[in-house]
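A short worksheet on the structure shown next.
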Amino acid sequence: MLKGKHIVLGITGGIAAYKSAYLLRLLIKAGAEVQVVMTPAAKEFITPVTLSALSGKPVVSEFFTANTGEWHSHVDLGLWADAMVIAPATASTIGKMANGVADNMLVTTYLSAKAPVFVAPAMDLDMMAHPSTCRNLQLLKSYGNHIIEPATGELASHLVGKGRMEEPENIVKILDAFFEKSQSLAGKRVLITAGPTYEKIDPVRFIGNYSSGKMGYAIAEEAASRGAEVTVVSGPVSLSVSNPAIKVVKIESAKQMLDACAERFPSSDIAVMCAAVADYAPAHSSDKKIKREGHDAPVIELVKNPDIAKTLGGMKRKEQVLVGFALETDNEEVNAQGKLSSKRLDMIVLNSLRDAGAGFGTDTNKVTIYTADGRRLPFDVKSKAEVASDILDTIESL
Ligand code: PMT
């Protein structure tokens with residue numbers, strides 16, 4: 001999978017920098033084109049001469065070539081890359097990346113990179129365990145970077161603990177698996193609903209709910225990163241998408257969401273119903289603001305909204321995969337199983353508002369997936385990006 005891929009290999013100033021030469025060699029052997037970017041401190045540990053000989057390209061380390069004034073564009077490098085790998089990543093560079101301290105070529109390239117970034121920390125066990133390192137790694141993860149966890153073993157200090165940079169062979173395997181996954185949904189069309197629906201009472205008021213759209217948009221990003229062509233039918237949210245393979249269709253009400261989905265579902269391979277659709281809408285909406293003065297409190301008659309997931313379930317062809325969500329507050333498993341069968345879903349993702357870190361608005365979720373073929377897959381609390389990955393792994397397994 002690495003053949004022809006453009007890899008920026010970032011090397012920082014740690015003892016493990018000697019392993020980067022071997023990592024570079026393995027990447028080149030696998031057919032990748034590699035551009036090395038070093039921090040000034042990295043040159044104390046391994047020479048640019050070795051790395052430029054192995055990569056066949058001059059190593060980039062400074063913003064300018066001193067004698068010619070030639071500018072090295074971190075922006076161009078960031079755009080050129082299919083992936084950026086920082087190995088070894090010291091505590092200092094991890095801190096700079098997490099906080100946007102762009103005082104060297106490596107961090108500026110990282111900040112300009114559009115491609116996925118892999119970070120392989122290497123440091124002494126106490127630095128690794130320090131709350132600031134843990135927080136910075138957590139921040140990098142929350143930005144969508146991939147952390148290649150260090151191994152436990154003898155360290156440069158001769159102490160034994162967690163902090164050894166992952167072996168180059170394994171880093172190559174991780175990259176290879178990543179690129180393989182990035183093609184796993186190529187050619188597939190994925191329809192996703194996200195966010196709330198607003199059901200209009202009058203021009204200034206509506207019935208809605210707390211959905212932020214984060215879960216649905218995370219699924220859209222993950223599906224697009226696996227090569228799918230994605231359409232998100234989205235209720236009113238303040239999110240945007242970063243992948244050009246994602247098209248967003250904005251709607252407001254459940255009826256509009258149904259129309260948008262019914263039109264697109266026949267040409268979709270996979271549909272994921274993540275929106276929090278209002279179950280009821282006002283029977284009548286006023287085209288003028290309902291006044292308070294001189295009126296009794298209005299009684300708003302409600303009517304049932306269409307069930308979008310159930311409608312699509314009725315339209316579903318054998319080769320299509322339809323996934324629903326269940327947001328519950330009690331009797332979770334029974335309710336989720338009931339929705340799985342009554343809506344003719346292939347799988348349902350249960351999240352319960354009783355679980356800390358799950359549901360509306362949070363950056364995390366805790367889900368259990370039930371498949372129509374009888375599997376029950378419970379997951380821990382994870383970022384919504386990681387939950388999206390678990391959901392798509394399970395969809396792919398269907
Ligand atoms: O957007 P976030 O802030 O990130 O929050 C994410 C989330 C909590 C909204 C999401 O994880 C979630 O649970 N979405 C489904 C919420 C919901 O409406 O659940 P439900 O159990 O009421 O509905 C069951 C399924 O039927 C869902 O797939 C829902 O999209 C669908 N449905 C429901 C009602 C309706 N009229 N039409 C539908 O299609």
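Mean silhouette area of segment 287-398, derived from the convex hull of its C-alpha atoms and averaged over all directions, reads 10.5 nm².
Listed by chain and number, the aspartates and glutamates placed with their C-alpha closer than 16 angstrom to that of K114 are D76, D82, E221, E222; residues fewer than eight positions away on the same chain are left out. Sorted largest first, the principal axis extents computed over the alpha-carbon atoms of the chain equal 79, 51, 40 Å.
Which pairs, out of K250/K382; K96/K141; K255/K316; K141/K214, put more than 25 Å between their alpha-carbon atoms? Among K250/K382; K96/K141; K255/K316; K141/K214, the Cα-Cα distance tops 25 Å for K250/K382. A 1.4 Å probe run over the chain, with the rest of the protein chains in place, finds 48 Å² accessible per residue. Residues considered: A91, A83, A156. Largest GNM mean-square fluctuation over the chain, using C-alpha springs under 10 Å, is found at A156. Surface composition of segment 269-398: carbon plus sulfur atoms contribute 50% of the solvent-accessible area (1.4 Å probe, protein chains only, all chains present). Compute the long axis of helix 332-342 from its Cα atoms, compare it with the longest principal axis of the Cα atoms of the chain, and write down the angle in degrees, 0 to 90, nearest 10. The two axes meet at around 70 degrees.
Starting from the Cα gyration tensor of segment 131-290, take the square roots of the eigenvalues, sort them a ≥ b ≥ c, and report rounded, prolate or oblate (rounded when a/c is under 1.5, otherwise prolate if a/b is larger than b/c, else oblate). Verdict is oblate for segment 131-290. For segment 107-187, the share of accessible area belonging to carbon and sulfur comes to 57 percent (1.4 Å probe, ligands and nucleic acids excluded).
Residues considered: C274, C261, C134. Largest GNM mean-square fluctuation over the chain, using C-alpha springs under 10 Å, is found at C134.
For the chain, the Cβ-based charge dipole about the Cα centre amounts to some 640 debye (Lys, Arg positive; Asp, Glu negative; other atoms uncharged). Nearest-5 percent of antiparallel DSSP beta bridges in the chain? If we restrict to bridges inside the chain, about 35 percent are antiparallel.
The values are calculated or read from the model by the stated rules, or taken from the named source; none is laboratory data. Since the structure is predicted, the reported quantities are computational estimates derived from the model, not experimental observations. Neighbour counts are summed over all protein chains in view; Cβ atoms, including those assigned to glycine, are modelled from backbone coordinates with ideal geometry. All accessible areas refer to the heavy atoms of the entire protein, side chains included, with ligands and DNA or RNA removed. Shrake-Rupley method; radii C 1.70, N 1.55, O 1.52, S 1.80 Å.
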